[in-house]
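Only one structure is covered here, and it is reproduced in the block below.
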Amino acid sequence: MHNLYESDDLLNQYLLFHYASRDAFFPYDFPVTEALDFSKRCVWEGVDFDLLPRKTRALDLGCSVGRSAFEMSQVFDSVLGIDYSEAFIHAAQVLKESGSHPVERLISGHQSISEKVVLESSTERERVSFEVGDAENLRDDLGDFDCVLACNLICRLKNPMALLNRLSSLVRPNGQLFMTTPFTWLESFTPKEHWLGTNAEDSFSGLREVLEGQGGFKLLKSWDMPFLIREHARKFQFSIAQASRWVRVAE
Ligand SMILES: C[S@@+](CC[C@H](N)C(=O)[O-])C[C@H]1O[C@@H](n2cnc3c(N)ncnc32)[C@H](O)[C@@H]1O
């Protein structure tokens with residue numbers, strides 16, 4: 001059987017786990033609780049609503065089970081959530097229709113608790129719709145939007161440029177784009193030749209070059225956004241996304 005603990009990746013991980021300095025290992029100072037409610041924060045921290053001239057249509061690309069799209073329903077007349085996963089879109093639709101969805105909360109091993117997740121009463125469910133779609137090959141008649149979210153999506157695409165090239169036609173002039181990504185490039189999702197940036201240039205510089213170049217966007221702000229994904233009662237994935245807010249420059 002393949003032993004994970006013989007791999008170079010795990011060897012490096014454990015050498016750093018045991019011996020790295022605090023600065024090399026974790027150069028951040030936010031407490032773990034700041035990583036909660038990520039999909040809600042993507043809307044309320046991510047978008048600058050005061051700068052938006054109109055609040056008619058919003059799009060959440062890679063919306064998964066829909067929380068950011070439901071949050072945006074409090075502001076926009078209509079919100080569309082698109083995801084490649086049929087299971088995620090089905091769950092988002094169940095939430096839209098019934099306001100809740102059953103969930104198994106794993107404690108550990110075979111032990112889990114059956115409960116429900118529920119939408120907050122401030123959600124304007126009727127303003128939100130969901131569909132299965134491919135962010136790399138979006139339908140032609142999607143139209144344009146005052147605000148587009150693409151959170152933790154680009155490093156899950158086969159070819160991020162396919163989406164980046166489409167963004168300028170999706171975001172209206174003076175509209176906003178909010179992106180987050182931990183830049184977790186993995187060849188199982190994205191072939192190396194499609195990773196953004198080069199050895200000499202980090203991924204965010206690569207993203208900025210594309211969006212501020214042919215994309216027609218201007219960077220308004222970039223910052224670190226921690227998030228926590230629960231695996232079981234005693235194990236969580238703690239990640240720090242690079243967040244960035246962009247405005248589409250009016251011609
Ligand atoms: C890491 S999750 C992020 C989900 C959500 N935006 C969030 O921040 O919690 C990536 C999501 O992108 C979706 N996805 C992956 N490839 C996609 C594609 N080509 N088109 C649309 N969605 C895609 C996955 O199904 C998944 O829901």
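Some values worked out for this structure:
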item	result
Selection count where residues are more than 16 Å from Leu138 (Cα to Cα), not charged (D, E, K, R) and not in a helix (DSSP H, G or I), scope the range 152-187	15
Among the residues listed as Thr190, Thr123, the single one being within 16 Å of the ligand (Cβ to nearest atom), among the polar types (S, T, N, Q), in contact (Cβ under 8 Å) with a residue 24 or more places away in the chain and in a loop (DSSP other than H, G, I, E, B)	Thr190
Subset of the range 220-251 [closer than 15 Å to Leu36 by Cβ, more than 14 Å from the chain's Cα centre (by Cα) and not charged (D, E, K, R)]	Phe236, Gln237, Phe238
Members of the range 126-152 that are in contact (Cβ under 8 Å) with a residue 60 or more places away in the chain, touching a Leu at 6+ places or on another chain (Cβ under 7 Å) and more than 13 Å from Gly81 (Cα to Cα)	Asp144, Asp146
Condition check for Glu209: at pLDDT below 95, within 29 Å of Leu51 (Cβ to Cβ) and acidic (Asp, Glu)	yes
Lone qualifier among Ser168, Ser205 - being more than 16 Å from the ligand (Cβ to nearest atom), surrounded by 16 or more Cβ atoms within 10 Å (Cβ to Cβ) and over 18 Å from the mean Cα position of the chain (by Cα)	Ser168
In the range 47-71, the residues that are within 19 Å of Ser168 (Cβ to Cβ), within 16 Å of the ligand (Cβ to nearest atom) and not charged (D, E, K, R)	Val47, Ala58, Leu59, Leu61, Gly62
Residue that is more than 11 Å from the ligand (Cβ to nearest atom) and surrounded by 13 or more Cβ atoms within 10 Å (Cβ to Cβ), where the choices are Gln214, Gln242	Gln242
Qualifying residue in the range 176-187 (condition: within 17 Å of the chain's Cα centre (by Cα), at positive phi and within 14 Å of the ligand (Cβ to nearest atom))	yes
When residues of the range 171-197 are limited to those that are of a type in the set (Phe, Trp, Tyr) and at pLDDT 95 or above, the one surrounded by the fewest Cβ atoms within 10 Å (Cβ to Cβ)	Phe189
Ser188 vs. criteria over 30 Å from Leu51 (Cβ atoms) and of a type in the set (Ser, Thr, Tyr)	yes
Checklist (1) under 30 Å from Asn137 (Cα atoms); (2) more than 16 Å from the ligand (Cβ to nearest atom) applied to Ile107, failing item	(1)
Search result, residues across the range 89-98 that are touching a helix residue (DSSP H, G or I) at 6+ places or on another chain (Cβ under 9 Å) and either in contact (Cβ under 8 Å) with a residue 60 or more places away in the chain or exposed (fewer than 15 other Cβ atoms within 10 Å of the Cβ) (or both)	Glu97
Residue list for the range 207-251, filter: farther than 22 Å from Leu163 by Cα and not in a strand (DSSP E or B)	Ala233, Arg234
The range 168-178: number of residues that are in contact with a Phe, Trp or Tyr (Cβ under 8 Å, 6 or more places away or on another chain), farther than 7 Å from Val148 by Cβ and not small (Gly, Ala, Ser)	3
Any hit, the range 149-164, residues being charged (D, E, K, R), crowded, with 21+ Cβ neighbours inside 10 Å and closer than 24 Å to Glu71 by Cβ	no
Residue count for the range 72-88, restricted to those that are near the ligand (Cβ under 9 Å from one of its atoms) and either modelled with pLDDT under 95 or surrounded by fewer than 24 Cβ atoms within 10 Å (Cβ to Cβ) (or both)	5
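The values are calculated or read from the model by the stated rules, or taken from the named source; none is laboratory data. These numbers were taken from a predicted model, which means no experiment stands behind them. Reconstructed Cβ throughout: ideal geometry from the backbone, glycine too, with neighbour counts over all protein chains shown.
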